[in-house]
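Derivation of every value follows stated rules applied to the coordinates shown; laboratory data play no part. Note that the structure is predicted; figures quoted are calculated from it, not measured. Note that each Cβ is placed from the backbone with ideal geometry, even for glycine, and that neighbours are counted across all protein chains shown.
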Amino acid sequence: MADERLLAAADLLQRHYGRLDLDVYRDSWAGLVRFTLERQLSQSKFAKAWPELEASWLLSVEDVARSTRGELLEFLQPFGGNATTVAVLHRIAVWWQQQVEHGLTPFESAHSNLESAWSELSQHDRIWITRIFCVIGGLQKYPLTRASWRVACRHRWLSWYDDSDEIPEFFEQGLRDSPVELGQFAEWLIQVGDDYCGPKPKCAACPLQPLLGPSGICEPDE
Ligand code: SF4
């Protein structure tokens, strides 16, 4: 059963931000590259860079997997790409090619073995990869971002003292069998975190303000 609080938040966030056009990204390497770069570059940098990138070897997963990280960084740096984005894209491309060579479909593999495939990566990179596959591949794994944690605890949906491993599960269960896609919801909360719910919350202007109860926000030392 869907969590009514999350559905109410989704409704407000959809009205404020609109919906992502998930079909632009879904189930393709091109979509994965686009989604990743859109989130790393500023809107204007991305708009300027994308026509050239779209026609380049970056859209060939084989070529990216065959390249070295250094070559990929050298190629993407003039467009604003950084080492973290390069590391994540390169790691996914190599893994993607391995799946293809084993006769597997990468997005199906991600559903069954994402955690074991990326267990050696840093938590930051694992969250990034979960985020990417949640949007691009419809993976039912919620990326545990700082923004989601803040919003959930400040609204008392969760406690600041809950085990952080329980946070993704809260969103996964709360949106199960609901019309709201997990990846779309995660992107909304990341956006609201960037725009309003940072270390110093700007509740008065925030689209989620109507969901605060009479006692207001909950902070960790309460
Ligand atoms: S800024 Fe305030 S209203 Fe907005 S999500 Fe954070 S706690 Fe909620």
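According to the calculation over all Cα-Cα pairs in region 4-95, the P(r) per 10 Å bin from zero is 15, 44, 24, 14, 4 %.
Compute the normalised compactness of region 15-62: alpha-carbon radius of gyration over 2.2 N^0.38 Å, N being the residue count.
On the way: Rg = 11.7 Å, N = 48, 2.2 N^0.38 = 9.6 Å.
So the Cα radius of gyration is 1.22 times the expected 2.2 N^0.38 Å.
With a simple spin-label model that places each label point 7 Å from the Cα along the Cα-to-Cβ direction, the separation between GLN209 and THR84 comes to 3.0 nm.
From the residues SER44, THR84, THR105, which one has its Cα farthest along the dipole of region 27-137 in the positive direction, the dipole being from +1 and -1 charges on Cβ of Lys/Arg and Asp/Glu about the Cα centre? It is SER44.
Place a +1 charge on the Cβ of each Lys and Arg in the chain and a -1 charge on the Cβ of each Asp and Glu, then give the dipole magnitude about the Cα centre in debye, rounded to the nearest 20. Display every interim value, and only then the final one.
Values: 21 positive and 32 negative charges, 134 e Å.
Using Cβ point charges on Lys, Arg, Asp and Glu, the chain gives about 640 debye.
Computed from the Kirkwood radius of its Cα pairs, the Stokes-Einstein diffusion coefficient for the chain at 20 °C and 1.002 mPa s stands at 115 µm²/s.
Calculate the FRET efficiency for ASP3 and ALA47 from the Cβ-Cβ distance with a Förster distance of 41 Å, rounded to the nearest 0.05.
Details: r = 36 Å, r/R0 = 0.89.
So, using R0 = 41 Å, E works out to roughly 0.70.
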